[in-house]
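Read the structure below first, then the notes.
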C-alpha cells in the first residue's frame, strides 16, 4: 500500500520572505499552499527509538509529540525544493538562542515553529502560538535561499501535532480537505476514523494558533529573541506516553 508520495506543483501561493542577506523583501511562490511546510530529510526528529532522520521515518514509527507523547506517524510526503519558484528557508545553528536549532536547517517557507514569551501573552493572551519559517526571516540568521536542491518531508499524524526537530518544537502536516484528497484511500479512512472532529471547512484543529500576520513584526523584534528561544527550548512534554 502506498503511504508516501510527492505532491504536484499546483496552486502556488505567495509568501513574504527576505533575501539571503536579510535586507530586501521579496515574494516566493510556494506550491501547493496546503503543504507549504516541510522539514529537510536530514532533520533529526525525536522518536521512541531516539533521534532519527526525517527522511528515514516510515508509517507506524512513533514520534515524540508535545501534547500526546509518542504517536505513530500515519503518512509521509515529499516535496522537491529545487524549483526556481520555491525557496528554502535557512535557519542558522542557534539562531533562536540557547543553541537551537542544534544544526543548520533548510526548511520549507510555510513550516511553522512554536513561539512564546511575555509579549505574545500580552498581545494575544496565549502561552504559545506558531509563526512560519518565512516570517522568521525577520531575524538575523534566517534567510530565504533560491534554487536550493533538496527535498522537504511532511509527516502526518492522527491529529495536528507539535514535534521536536533539531531541538525546536515545530508542526506536523495539518490535515485539510486538499491534503486528504491526495492520500491513499486506506490512509484517508484511517485518519478520519482516528482523528478528532474536523472544523466546518474539513480541516483538523491546529495544534497551536497561528500569530496574525500583522502582529509578527511586533513579536519578532530582536529584543524578544531570548524569550522566543526559551519558550521553545524549555517547553515540557505534557505526557510521555508510549
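Given 170, 79, 148, 187, which one is part of a loop (DSSP other than H, G, I, E, B), in contact with a strand residue (DSSP E or B) (Cβ under 6 Å, 6 or more places away or on another chain) and either modelled with pLDDT under 85 or buried (at least 24 other Cβ atoms within 10 Å of the Cβ) (or both)?
Details: 170 fails: part of a loop (DSSP other than H, G, I, E, B); 79 fails: part of a loop (DSSP other than H, G, I, E, B); 187 fails: part of a loop (DSSP other than H, G, I, E, B).
The conditions single out 148.
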Worksheet item: Being part of a loop (DSSP other than H, G, I, E, B), surrounded by fewer than 17 Cβ atoms within 10 Å (Cβ to Cβ) and modelled with pLDDT of 90 or more, is that true of even one residue in the range 112-134?
Response: yes
Practice prompt. Scan 93, 140 and give me the residue that is free of Cβ contacts under 8 Å to residues at least 40 places away in the same chain, on the phi < 0 side of the Ramachandran plot and over 16 Å from the mean Cα position of the chain (by Cα).
Written response: 93
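Among the listed residues 59, 109, which satisfies the condition of being part of a loop (DSSP other than H, G, I, E, B), at pLDDT below 95, surrounded by 15 or more Cβ atoms within 10 Å (Cβ to Cβ) and within 15 Å of the chain's Cα centre (by Cα)?
Values: 59 fails: within 15 Å of the chain's Cα centre (by Cα).
109 is the lone residue from the list that is part of a loop (DSSP other than H, G, I, E, B), at pLDDT below 95, surrounded by 15 or more Cβ atoms within 10 Å (Cβ to Cβ) and within 15 Å of the chain's Cα centre (by Cα).
Does residue 153 qualify as being in contact with a helix residue (DSSP H, G or I) (Cβ under 9 Å, 6 or more places away or on another chain), more than 19 Å from residue 65 (Cβ to Cβ) and crowded, with 23+ Cβ neighbours inside 10 Å?
Values: in contact with a helix residue (DSSP H, G or I) (Cβ under 9 Å, 6 or more places away or on another chain): yes; more than 19 Å from residue 65 (Cβ to Cβ): no; crowded, with 23+ Cβ neighbours inside 10 Å: yes.
No: the conditions fail for residue 153.
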Discussion item. Anything in the range 135-145 that is under 16 Å from residue 38 (Cβ atoms) and surrounded by fewer than 21 Cβ atoms within 10 Å (Cβ to Cβ)? List them, or say none.
Written reply: 145
Worksheet entry | Lone qualifier among 179, 104 - being in contact with a strand residue (DSSP E or B) (Cβ under 7 Å, 6 or more places away or on another chain), without any contact (Cβ under 8 Å) to a residue 60 or more places away in the chain and farther than 17 Å from residue 65 by Cβ | 104
Worksheet item: Between a first residue in the range 44-55 that is assigned to a strand (DSSP E or B) and a second residue that is surrounded by fewer than 16 Cβ atoms within 10 Å (Cβ to Cβ) and at pLDDT 95 or above, which pairs have beta carbons less than 8 Å apart while being 6 or more apart in sequence or on different chains?
Response: 44/51; 44/53; 45/51; 45/53
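The values are calculated or read from the model by the stated rules, or taken from the named source; none is laboratory data. Computed from a predicted model, the values in this text were never measured in an experiment. Virtual Cβ from ideal backbone geometry, glycine too; neighbours counted across all protein chains shown.
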